[in-house]
Amino acid sequence: MTDAPMLDVLVAGGGYVGLSLAVAVKKAAPHLAVEVVDGAPEHVWQKDERASAIVAAARNLLDVLGVWNEIAPEAEPIRRMVITDSRTADPVRPVFLTFEGTGSTDDGQPFAHMVPNRAMTGSLLRQAESLGVPVRWSTLAEGFSTGQHETTVRLSDGTERVTRLLVACDGVRSKLRDMAGIKTVRFDYGQSGIVTTVEHERPHDGTAEEHFLPAGPFATLPLTGNRSSLVWTERTEDARRLVESDDLVFEEELERRFGHKLGALKVVGGRRAFPLGLTLARAFVAPRFALAGDAAHGIHPISGQGLNLGFKDVAALAETIVEADRLGLDIGALSALERYETWRRFDTVRMGITTDVLNRLFSNDATPLRVLRDVGLGMVDRLPGLKSFFIRQAEGTAGSGHPRLLVGQRI
């Protein structure tokens, strides 16, 4: 048993979801003792060359947390979205659907921005430090035991922490989720997503493009300057071959998919491939335990919503914790945590099913399916009301009953 004082919330995972949750809880309830542990080395986040799409609802959350103004100079607004459907060798790629993103939200802001991961993590870390939230790197939560009033967490440095609530933000292969006895629904797509950054001669004008190719979507997403972030889906074996190939072969294959509309291309970031699949937790909570982010759900990047689902978790779980505390309730009790699960499970399952169907529909070369999806895309493009509905869904502001942080309100 440890002599350390009891924590209110221990977050296992120092990524964007874990850090933003810690900041959100501490900012709304400064008296709560919040701590973050992560098994990675302290400065590993500085090596992250990737960028993420942040939709309007997530931007609202980051703004309330006090970090968006610091991130904004490095964020590139997505002003336009273009969707095509073709084969890799097709000389012409007809555009079936376009979305104008500028001024789409109620405050006139774009529906999404591309944000470098390093900028986001760095800003969240600095905010956590300013609020007095300790972040312990190279410290893995190796196991835990749950009692009636507390959970004792065993750490990799040989110490223990006692907390009223343990939140697992430790990724799609969460070991803590398995230790909690929470089962998952899993499916491997046999695809991997290649992620890298390219420079091009001509400006992208804030345009994001998603090309549906037989092996999977090839997305180009605008970054500051004449740069774009790529999320390139291929069959797993082909992705491995491409990542391991020399620069000449990789860039030739890249040009076949990217095209020449922005001039000559140059790969300026490292290239990595990530296996793609669907993972949905059967439960989001257990006594004194909650899942958030990829530990609760891993979906296909076809819609660019993975990280944004995690920020929705943060908004809902932070509000659940803070409001339970204000009412004098036990924040780790299952009866209090069930509100969070009710808030998030339907939306998560719906998004998981949606991305699964879209991936199966578009990642093939079957002629009947190609005709069906192209007719469907064309119909959406001709119906402004339906396009507006899809934009609102994408930006995370459709409907009502959202957690306060997602609509720009303090908890």
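The values are calculated or read from the model by the stated rules, or taken from the named source; none is laboratory data. Because the structure is predicted, anything quoted here is derived from the model rather than measured. When we count neighbours, we look across all protein chains shown, and the Cβ atoms used for this are built from the backbone with ideal geometry, even at glycine.
State all residues of region 195-250 that are out of contact with any helix residue (DSSP H, G or I) (no Cβ under 7 Å at 6 or more places or on another chain), within 19 Å of residue 116 (Cβ to Cβ) and outside any strand (DSSP E or B); if no residue qualifies, say none.
Of everything in region 195-250, those that are out of contact with any helix residue (DSSP H, G or I) (no Cβ under 7 Å at 6 or more places or on another chain), within 19 Å of residue 116 (Cβ to Cβ) and outside any strand (DSSP E or B) turn out to be 203, 204, 206, 225, 226.
Checking residue 190 against (1) of a type in the set (Gly, Ala, Ser); (2) on the phi > 0 side of the Ramachandran plot; (3) touching a Pro at 6+ places or on another chain (Cβ under 6 Å), which single condition isn't satisfied?
Looking at each condition in turn, residue 190 falls short on (3).
Filter region 164-196 down to the residues that are of a type in the set (Val, Ile, Thr), under 21 Å from residue 14 (Cα atoms) and in contact with a Phe, Trp or Tyr (Cβ under 9 Å, 6 or more places away or on another chain) and list them by number. Don't jump to the end; show me each part of the working.
Kept after step one, since they are of a type in the set (Val, Ile, Thr), are these residues of region 164-196: 167, 172, 182, 184-185, 194-196.
Retained after the next criterion (residues that are under 21 Å from residue 14 (Cα atoms)): 167, 172.
Once the filter is applied, which keeps residues that are of a type in the set (Val, Ile, Thr), under 21 Å from residue 14 (Cα atoms) and in contact with a Phe, Trp or Tyr (Cβ under 9 Å, 6 or more places away or on another chain), region 164-196 yields only 167.
Name, by its number, the condition in (1) outside any helix (DSSP H, G or I); (2) touching a Leu at 6+ places or on another chain (Cβ under 8 Å) that does not hold for residue 280.
For residue 280, the exception is condition (2).
Among the residues of region 5-14, is any at pLDDT below 95 and either surrounded by fewer than 24 Cβ atoms within 10 Å (Cβ to Cβ) or touching a Pro at 6+ places or on another chain (Cβ under 9 Å) (or both)?
Yes: one or more hits.
Residue 56 passes all but one of (1) out of contact with any helix residue (DSSP H, G or I) (no Cβ under 7 Å at 6 or more places or on another chain); (2) surrounded by 24 or more Cβ atoms within 10 Å (Cβ to Cβ); which number fails?
(1)
Pick out the one residue from 230, 242, 221, 176 that is crowded, with 17+ Cβ neighbours inside 10 Å and within 25 Å of residue 284 (Cα to Cα).
Going through 230, 242, 221, 176 in turn, the sole match is 176.
Can you tell me which of 216, 304 is crowded, with 23+ Cβ neighbours inside 10 Å and either among the aliphatic types (A, V, I, L, M) or assigned by the TED database to the domain that holds residue 171 (or both)?
304
Select from region 347-365 the residues that are within 21 Å of residue 403 (Cβ to Cβ) and either at pLDDT below 80 or not in a helix (DSSP H, G or I) (or both) and list them in ascending order.
Scanning region 347-365 gives no hits.
Scan region 22-39 and give yes if some residue there is closer than 26 Å to residue 223 by Cα, modelled with pLDDT of 90 or more and surrounded by fewer than 16 Cβ atoms within 10 Å (Cβ to Cβ), otherwise no.
no
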